[in-house]
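A short write-up of the structure that comes next.
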Amino acid sequence: MSKSAKRKKWALLIYLGPAMSFLSVFIILPILFLLGLSFFKWDMLSGIYSFTGLSNYLGMLKDPNFYNALGNTVIYVLGTVPLGMAAALLIAVIINRKIRAFSFYRTAIFMPVIVSLAATGIIWLWIYDYQNGILNHILVEIGLGKVNWLGNPDIALFSVMSVTLWKRIGYNMVIFFAGLQVIPTQLYEAAKIDGARAGSQFKYVTWPNLLPTTSFVLIINLIFAFRDFSQIYVMTRGGPIGSTTTLVYYIYETAFNEFNIGYAAAVSMVLFVLVMILTYVQINYFSAKER
Amino acid sequence: MLEVKELTKKFKQTVACKDINFKVDDGEFFVLLGPSGCGKTTVLRLIAGLETLDRGNIISNNMSLNEVDTQDRNVAMVFQNYALYPNMTVRKNLEFPLKMRKTDKNRIPEIIEEIAGLLQMAEFLDKKAVKLSGGQQQRVAVGRALVRKPEIFLLDEPLSNLDAKLRQHLRVELARIHKELNITTVYVTHDQAEAMTLGDRILVLKKGEIQQVGVPEDIYESPANLFVAQFIGFPEINLFETELREGKFKIMGTDAKIKKYSKIGNKKVIAAIRPEDIEIIDSGNGIQAQLEIKEVSGPDTILYLKKDDKQIRLRVSKEKRDLIPEEKEAVELKIEPDKVMLYDYESKKLIKP
Amino acid sequence: MQLPMKYILILLIFICACGTGDSDKVVLKFWHGIESPENNKLLKQKVAEFEKKNPDIRIELQNIGAQDKAMPKIMTAISSGEYPEILWFAPVYTGKIAQSGKLLAAEDFFDRGPEFDKNNIYEGLLESGQYQGKIYTVPFETNCLAVYYNKNHFKEAGINEAPETWDEFRQAAQKLTVDINNDGAPEQYGFLIPLGTEEWTVWTWETFLWQAGGSLLNDDRTRPMFQKQPGVEALNYWLDLRYKYKCASFSARNAGYKLDPFLSEQVSMMVNGPWNYPILKDQDYIKYGSFALPAGDRDATNIGGENLYLFKTTSEKEKAAWRFAVYVMSKDFQVDWAINTGYLPVNKKAATSERYKQFLGDNPFVRTFIDSMDFGKARPPVPGYSRMSRRIGEAIEEALYRKQTPGKALQKAAEKTEEIMQQ
């Protein structure tokens, strides 16, 4: 190894060192610990644990609650991510066209982002309230019946998803907005001159130039969607009859209400692998596209 | 034929252009020339429909374009920074206007071949636009504009981002292409050399107002006002304040007389003479001045002289080079009065006999 | 620059002085989840009195939030060794926490001195803190469930006597259900069914289970019994109130204890405890009262309240903690606490004291609860109770949503309970 290469290696270590050690202490080690835990049965209170091999994983295969949570998670992810991104993109494009006139709306739409998820949940709990909630109040005023937004097991998951969308759209919009600002206006003018109307301008100028942003937003949104917990905890606690229990909430329930730590660890590992695979596929897909 | 009538555009309080009138004949190469910020690009963008006009009329083939969307105006434009679609290959860039205008799909490859041949782009047709050099990008931009044979071809300072040699080269190229395709062209530049070499006619703009429209020779030889006179030509034209009396006036301390001005009443004027119209002589009875600096400019030599604390600029051709003395030495000059142009002191306009 | 430095020094000395002054005190952390501000104030006051009498002890109060939600925090604290000396918590978790081996058996202290006499404490309450036949936790306060009712609604409906049986109760609820605008959605319901899967729902339902003659577990507390016929009857009774007779509405999920529907007069009757008496006392617009839960096969109510959990620490701290527990169970504390909070005294002498008797005379609302204690039962404090309760809660919810018949839902919960019991 040449002297400069050696020096480079040292520099690399020095620069990456702090981040790497932070990552390993707070992220990688806990994941490894969790992986280990998933092969044990552990009673948190007494501290007694026993190695049970794959039985946590095998138990999962026979656990209807796990499938229920997995199903809810799929619905939750598919329901919030594409819609949240599409709506955010649409708003960002509209705002980007008439930037000054829309600065009020930009603030209004971003507002939910800075409110904590738990607080958001409490606000919506009030909005959704069956008896006294503002939403049902409006429905009754316009002559429609009341809807049991959070109490009806067929609707509750969608009510929670709406809150997530309400919050996430603002976040996505800001990132899309930043991405849009980087696209030179001359490209749009050139496209206009070449005969492209709004639709084609979006397809040939906005969309391809926004691809790196979109890819980032998609990954972030997927991870968010898989991890969302607070709004469920605050609003429905996974119910009614498990209709809003996602994998993350199921993990929480299993670990901290049932104290079935090993099993919760096993479900966590499944979730972890799921998110890893999705992220990997996406990164590959988008970097191939950009090439 | 493109006709522009009373074109006026304001941006908030700033007037970008005001009462612009001109006609461009079919196949003519028309140049909008002026210093930066004079409103020439605005005029071009108004023709393209990228800006909405406050007042006036844009007429193409006897039809007003005012209410026509950019997309529907048969106008193509080359932008100063090319504005190629960075994610597309050169071929895709060239195909784009054809696709947008629903050209028959089977004909597209043929059209692309043709334009690629014309602009010598064949070897980089399948490269991504962002990976090209400046000159190549310039060709693609021109190609993308011409590929659909527009009625009007607009160019906004297309050569200003290139280095001098490439600029020269592409200038010739542009002239050749224009001859070949014969498309009505409006070309915006701040470079007088480009304007002179490319333009069939030139429109000179200053602060949004027309100064002069004419063929390059007219613009050079009889600038309509002092601004045009000073803006065109290198080195800058020589100006002398003087009094006109019965066709006679004093210039550089000697008397001169121009017959054609004899009928004009006495008034304060500015006499203007191009640097190449002052001759160096060695007869001994010419005008005396002192040589300050000499610069070689190709075949010619540019001289900066001093006479009565005033700078005088000269362009001396190769044949007379032997007469140039060393710097700081005395020079003897002669003026041909017929080459002197007189401008009204007040209005700064050319006095026409 | 010199002046601030001086102040800092003085401040430092002051802090040190305080520190040393405190260091010879035994400091006890006391975790509780008392929610109402008035009760918190009273607790602070009573603790101050204790500290005055016991200058060598300092109690550090820490509120850990609502009980239903505090379990994870307590469990994590115990498993990580960061637990307090004293914990205020529902007695039913005694078994679960005692299993950790970190809990003191209060019974070991009973004979340490004359200041505590076990015979003064209600026996049933002491049993509620048992684990493997030994008393681990001791009662802090107690309560049970009865029915709140809206007196005006009763008058309007022409009901003059409190219903005493399930049938009478159902009929009353029907009469109390009023659809003013005849849109099929009554503005006023007779009864409020506590919807949810959490302990409140289960706690309430257990009274109906017992009234129907059922029980949660068999006699040696090893196998579930709630899925038997009485359990199905109890669940069906709720379902009928809701769907067949349409005279009961559901509470918001896991909020069956909240008074809002009752205070806004949307329901005429709800099951609740005596502790709301300080709140209700201040509502002058609503005329409220209470009566004992209706009898099915028999009378029954569910005894609740909170116990003191004392944890193994140093013998000095353990002794101090026991002294505090004795203080809490004393006649004086109990009378003060009961009169001000509406909770019921755990000490017989307090319950029979003149002051308390007079209080009950003035407050028939609270008397209902005291009287109900006669047929009160406590939940079995087995280690698996909380998990069993959750399974029952899920079964109740599934049945109330008619996703499952009561029989099948309870059967499923019973099967899971079998697994829990075996662990």
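The values are calculated or read from the model by the stated rules, or taken from the named source; none is laboratory data. None of the values given here were measured: they were computed from a predicted structure. Cβ sites come from the backbone with ideal geometry, for glycine too, and all protein chains shown count toward neighbours. Each accessible area value is taken on the protein alone, full model and side chains, heavy atoms only, with ligands, DNA and RNA left out. Shrake-Rupley method; radii C 1.70, N 1.55, O 1.52, S 1.80 Å.
Roughly how many Å is it from the Cα centre of the range B:194-211 to that of the range C:214-288, as a whole number?
One Cα centre to the other: 91 Å.
Compare the peptides C:111-119, A:172-180 by average per-residue count of other Cβ atoms within 10 angstrom and give them in order, highest first. It would help to have the intermediate numbers written out before the result.
Working: C:111-119: 11.2, A:172-180: 20.9.
Ranked from most to least packed, the peptides come out as A:172-180, C:111-119.
Among C:E141, C:E198, C:E49, whose mean-square fluctuation peaks in a Gaussian network model of chain C (Cα, cutoff 10 Å)?
Checking each option, the largest mean-square fluctuation is seen for C:E49.
If the cut-off is a Cα-Cα distance under 19 Å, which lysines reach C:K73, setting aside same-chain residues fewer than 8 apart in sequence?
C:K29, C:K96, C:K102, C:K312
Using a Gaussian network model of chain A with C-alpha springs under 10 Å, which one of A:Y15, A:Y250, A:Y263 is most mobile by mean-square fluctuation?
Looking only at A:Y15, A:Y250, A:Y263, the biggest GNM fluctuation is shown by A:Y15.
Springs between alpha-carbon atoms under 10 Å, Gaussian network over chain A: tell me which of A:M269, A:M161, A:M20 tops the mean-square fluctuations.
Of A:M269, A:M161, A:M20, the Gaussian network model singles out A:M20 as fluctuating most.
Might you tell me the accessible area per residue for the range C:284-418, computed with a 1.4 Å probe and given in Å²?
In whole numbers, the range C:284-418 has 39 Å² accessible per residue.
What distance in nm separates the two pseudo spin-label positions at C:N182 and A:N132, each 7 Å out from Cα along the beta-carbon direction?
3.1
Quick check on packing: order A:124-133, B:246-255, C:316-325 by the mean number of other C-beta atoms within 10 Å, highest mean leading. Write down the numbers at each step before the final one.
Values: A:124-133: 18.3, B:246-255: 15.2, C:316-325: 20.1.
Per-residue mean Cβ counts within 10 Å order the peptides as C:316-325, A:124-133, B:246-255.
How well do other chains shield peptide C:178-185, expressed as the mean number of their Cβ atoms within 10 Å of each residue Cβ?
Neighbouring Cβ atoms belonging to other protein chains average 1 per residue here.
Leaving out same-chain residues fewer than 8 places away, which aspartates and glutamates sit with a Cα under 16 Å from that of B:K149?
In chain and number order, the partners are A:D194, B:D26, B:E28, B:D72, B:E95, B:D104, B:E110, B:E113, B:E114, B:E180.
Under 23 Å from the Cα of C:K228, which lysines turn up, not counting those fewer than eight places away in the same chain?
Candidates past the 8-residue exclusion: C:K244, C:K377, C:K403, C:K408, C:K412, C:K416.
How many angstrom lie between the C-alpha centres of the range C:388-421 and the range B:302-353?
Computed from Cα coordinates, the inter-centre distance equals 109 Å.
Let me confirm the definition first: pairs of Lys residues in the range A:55-290, 8 or more apart or on different chains, C-alpha distance under 26 Å. How many are there?
For the range A:55-290, the number of qualifying lysine pairs is 7.
Just grab the label-to-label distance for A:Y57 and A:A118, each label 7 Å out from Cα along the Cβ direction, in nm (one decimal).
Going from the A:Y57 label point to the A:A118 one covers 3.5 nm.
Could you work out the Kirkwood radius for chain B, taking every pair of different alpha carbons, averaging 1/r and inverting it, reported in Å? It would help to have the intermediate numbers written out before the result.
Numbers: mean 1/r = 0.0438 Å⁻¹.
Kirkwood radius, chain B: 22.9 Å.
What is the percent carbon and sulfur in the accessible area of the protein assembly as shown, measuring with a 1.4 Å probe over the protein chains and ignoring ligands?
Numbers: 28190 of 50950 Å².
On the protein assembly as shown, the fraction of accessible area on carbon and sulfur atoms equals 55 percent.
Based on the mean of other beta carbon atoms within 10 Å per residue, what is the order of C:178-188, C:301-311, C:383-393, A:86-96, most packed first?
Descending packing order for the listed peptides: C:301-311, C:383-393, A:86-96, C:178-188.
Using θ = phi - 60° and the Karplus curve 6.51 cos²θ - 1.76 cosθ + 1.60, what whole-Hz ³J(HN,Hα) does each residue of the range C:334-351 get, with Gly and Pro shown as x?
Values per residue, Gly and Pro as x: 4, 5, 4, 5, 5, 5, 8, 9, x, 5, 9, x, 9, 9, 4, 4, 5, 5 Hz.
Mind checking how much accessible area A and C bury in total, 1.4 Å probe, in Å² rounded to 100?
Rounded to the nearest hundred, the buried surface is 2100 Å².
Determine, from the Cβ-Cβ distance of C:Q283 and A:I75 and an R0 of 56 Å, the FRET efficiency 1/(1 + (r/R0)^6), rounded to the nearest 0.05.
0.80
Output the antiparallel fraction of DSSP beta bridges having both residues in the protein assembly as shown, as a percent to the nearest 5.
70
Given C:K44/C:K69; B:K23/B:K128; B:K268/B:K306, which pairs have Cα atoms separated by over 31 Å?
Over 31 Å Cα-Cα: B:K23/B:K128.
Counting only DSSP beta bridges with both residues in chain C, tell me the antiparallel percent, nearest 5.
55
Per residue of A:183-191, what is the mean number of Cβ atoms on other protein chains within 10 angstrom of that residue's Cβ?
That works out to 6 on average.
Which value at 222 nm does chain B reach when only helices count, each DSSP H run of 4 or more adding -39,500 (n - 2.57), with the total divided by all residues and rounded to the nearest 500 deg cm²/dmol?
Result for chain B: -7000 deg cm²/dmol, rounded to the nearest 500.
Cα extents of the protein assembly as shown along the three principal axes, largest first, in whole Å?
Principal-axis extents of the Cα atoms in the protein assembly as shown, largest first: 144, 78, 66 Å.
Roughly what would the spin-label model give for A:Q282 and C:E49, points 7 Å off Cα along C-beta, in nm?
Result for the modelled spin labels: 6.1 nm.
Leaving out ligands, DNA and RNA, calculate the buried accessible area for the pair B and A with a 1.4 Å probe, summed over both sides, in Å² to the nearest 100.
Using a 1.4 Å probe on protein heavy atoms, the buried area is about 1900 Å².
Can you compute the helix-only [θ] at 222 nm over chain C? Use -39500 (n - 2.57) per DSSP H run of at least 4 residues, normalise by all residues, nearest 500 deg cm²/dmol. Intermediate values should be presented prior to the final figure.
Numbers: 18 runs with 195 residues, N = 423.
Roughly -14000 deg cm²/dmol at 222 nm, from the helical runs in chain C.
Excluding ligands, DNA and RNA, what is the solvent-accessible area per residue of the range A:55-290 at a probe of 1.4 Å, expressed in Å²?
45
Over all directions, the average projected area of the alpha-carbon convex hull for chain C comes to how many nm²?
Its Cα hull, projected and averaged over all orientations, spans 25.3 nm².
For peptide A:239-245, compute the average count of partner chain beta-carbon atoms within 10 Å of each residue's beta-carbon. Display every interim value, and only then the final one.
On the way: counts 10, 12, 11, 5, 2, 0, 0.
Average per residue, whole number: 6.
At R0 = 25 Å, how high is the FRET efficiency between B:Q230 and B:Q80 if r is their beta carbon distance? Nearest 0.05 is fine.
Step by step, r from the Cβ atoms, then E = 0.50.
Considering only DSSP beta bridges whose two residues both sit in chain B, what percent are antiparallel, to the nearest 5?
On the way: 59 of 77 bridges.
Taking every DSSP beta bridge with both residues in chain B, the antiparallel ones total about 75 percent.
Kindly state, as a whole number, the per residue volume in cubic angstrom of the convex hull around the alpha carbon atoms of the range A:55-290.
It comes to 150 Å³ per residue, whole-number rounded.
Quick one: the Cα spread of the range B:50-120 along its three principal axes, in angstroms, biggest first?
Ordered largest first, the range B:50-120 gives principal extents of 41, 28, 21 Å.
I'd like the distance between the alpha-carbon centres of the range C:120-192 and the range A:220-291, rounded to an integer number of Å.
If you average the Cα positions of each part, the centres end up 41 Å apart.
So, R0 is 51 Å and r is the distance between the beta-carbons of A:A108 and A:N65; what FRET efficiency does that work out to, to 0.05?
0.80
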